Amino acid sequence: MVRTIVLGGSAGAHVGYELAELVGARYCDVEVSQFPDGELYVRVPVDVEGEDVVYVNSLAGRPNELLVETILTLDTIADLGAGSVHAVLTYIPYARQDSRFKPGEAVSALVVGKLLRSLRVSSIYTFDLHLHRIQDPRQVFGESFRNLTAIRDLARYVASTYGVRNPVVVGPDEEAEQWAKMAAEELGGVGYTVMEKRRLSATEVVVEPRDVELVRGKDVLLVDDIISTGGTVVEAVRVLRRSGAREVYVAVTHAVLAGRAYGRLVQLGLRGLVASDTVPSPISRVHVAPILARYFK
Ligand code: R5P
């Protein structure tokens, strides 16, 4: 009998374990350690021959190391004769470098896509992937790629936890319009808008309001895919408050929280600041395993 086995990578156990419980599958951690010279050691400690294997990892925080760990593991699972291999990479790094902005730059998103496609996986799942200049991510990650979303669950979580009144949804830049629209639908078809963002450096942005009348006196749900340095959210919250928002709540899928981001966010004194657990963090309240479970039942 073919069984489903869920294997958790070193940053994917929290989602993998919950997913296995939800779908009634066996769960096992992949063994990962480091040799003294910095190279990684990976071992799949169960027999996967002929089985359907779901491998779960989140490639944030230590993206280079986690990418190598994931490549070593996925190739090994296929090599050990698994019947099918499904890669759930809750956060895929390098996606923001999806174009050659300056001559000679690596288009890192395409390189990562090529690597993952070469690993004999039956399908790749992720959440709210940040590929803005590429129309169809299947061109990068293969035909069976699925880009799921945590934004709807995040919007429902904020609405029910904080009892927001008369809300509107705002995205900090044009690229966030897709997520603002989804969250607005989830809140019952409320109004939404996006702001205009200009990036000055890796940590600093300027955000300008577009629709001050829409946010004045309202509870605002600010949604985005990623908080990395926190620059975008910090600036967007300041602008929304200056524009007369009654209360600002922030919900993002991936709390990457690089460097001092968490401290910067705490200083904002927000009533609600939540993320999903695609990347484990102090603000990860919404679990994505139930979303994934629909695909592996
Ligand atoms: C950019 O387009 C993304 O959607 C995020 O707004 C951005 O990556 C967040 O980065 P940071 O937190 O460093 O401003």
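The values are calculated or read from the model by the stated rules, or taken from the named source; none is laboratory data. Note that the structure is predicted; figures quoted are calculated from it, not measured. Reconstructed Cβ throughout: ideal geometry from the backbone, glycine too, with neighbour counts over all protein chains shown. The accessibility values were calculated without ligands, DNA or RNA, using every heavy atom of the protein model including side chains. Shrake-Rupley method; radii C 1.70, N 1.55, O 1.52, S 1.80 Å.
Take VAL56 and tell me if it is at pLDDT 95 or above, assigned to a helix (DSSP H, G or I) and crowded, with 23+ Cβ neighbours inside 10 Å. Criteria not met by VAL56. Across segment 208-229, the qualifying residues are those that are in contact with a strand residue (DSSP E or B) (Cβ under 9 Å, 6 or more places away or on another chain) and part of a helix (DSSP H, G or I), and the one among them that is farthest from the ligand (Cβ to nearest atom) is LEU214.
Would you check if SER243 is buried (at least 18 other Cβ atoms within 10 Å of the Cβ) and more than 16 Å from the ligand (Cβ to nearest atom)? It is true that SER243 is buried (at least 18 other Cβ atoms within 10 Å of the Cβ) and more than 16 Å from the ligand (Cβ to nearest atom). Only residues that are open to solvent by less than 30 Å² (accessible area, probe 1.4 Å) and among the charged types (D, E, K, R) were counted across segment 1-51, and they come to 1.
Please find, within segment 248-297, the residue that is farthest from the ligand (Cβ to nearest atom) out of those that are of a type in the set (D, E, K, R), open to solvent by 60 Å² or more (accessible area, probe 1.4 Å) and modelled with pLDDT of 95 or more. Restricting to residues being of a type in the set (D, E, K, R), open to solvent by 60 Å² or more (accessible area, probe 1.4 Å) and modelled with pLDDT of 95 or more, the top hit is ARG294. Could you check segment 85-97 and list, in sequence order, the residues that are more than 15 Å from ILE227 (Cα to Cα) and open to solvent by 10 Å² or more (accessible area, probe 1.4 Å)? Matches in segment 85-97: HIS86, GLN97. Does SER118 meet the test of being more than 26 Å from VAL250 (Cα to Cα), touching a strand residue (DSSP E or B) at 6+ places or on another chain (Cβ under 8 Å) and open to solvent by 10 Å² or more (accessible area, probe 1.4 Å)? When the stated conditions are applied, SER118 does not pass them.
Taken as a whole, segment 75-82 holds no residue that is in contact with a strand residue (DSSP E or B) (Cβ under 7 Å, 6 or more places away or on another chain) and closer than 19 Å to THR253 by Cα.
Annotation note: of VAL205, VAL164, VAL169, VAL237, the sole residue that is away from the ligand (no atom under 16 Å from the Cβ) and either β-branched (Val, Ile, Thr) or surrounded by 20 or more Cβ atoms within 10 Å (Cβ to Cβ) (or both) is VAL164. Taking each residue of segment 70-81 that is in the same structural domain as LYS114 (by TED's automatic domain parsing) and looking for partners that are open to solvent by 50 Å² or more (accessible area, probe 1.4 Å) with beta-carbon atoms closer than 6 Å, six or more apart or interchain, yields ALA78/ARG120; GLY81/GLU49. Residue check: THR232 meets all listed conditions (1) open to solvent by less than 50 Å² (accessible area, probe 1.4 Å); (2) of a type in the set (Ser, Thr, Tyr); (3) within 14 Å of the ligand (Cβ to nearest atom); (4) more than 22 Å from VAL286 (Cβ to Cβ) but one, namely (4). Considering only residues in segment 212-229 that are of a type outside the set (Val, Ile, Thr), out of contact with any Ser or Thr (no Cβ under 8 Å at 6 or more places or on another chain) and closer than 19 Å to ALA184 by Cβ, the one that is most open to solvent (accessible area, probe 1.4 Å) turns out to be GLU213. Among the residues that make up segment 125-138, is at least one of them within 16 Å of the ligand (Cβ to nearest atom) and outside any loop (DSSP other than H, G, I, E, B)? Yes, there is a match, as at least one residue in segment 125-138 is within 16 Å of the ligand (Cβ to nearest atom) and outside any loop (DSSP other than H, G, I, E, B). Within the option set ALA109, ALA155, ALA87, being not in a helix (DSSP H, G or I) and not charged (D, E, K, R) holds for one residue only, ALA87.
Does ALA183 fit the bill of being modelled with pLDDT of 95 or more, within 11 Å of the ligand (Cβ to nearest atom) and within 17 Å of the chain's Cα centre (by Cα)? When the stated conditions are applied, ALA183 does not pass them.
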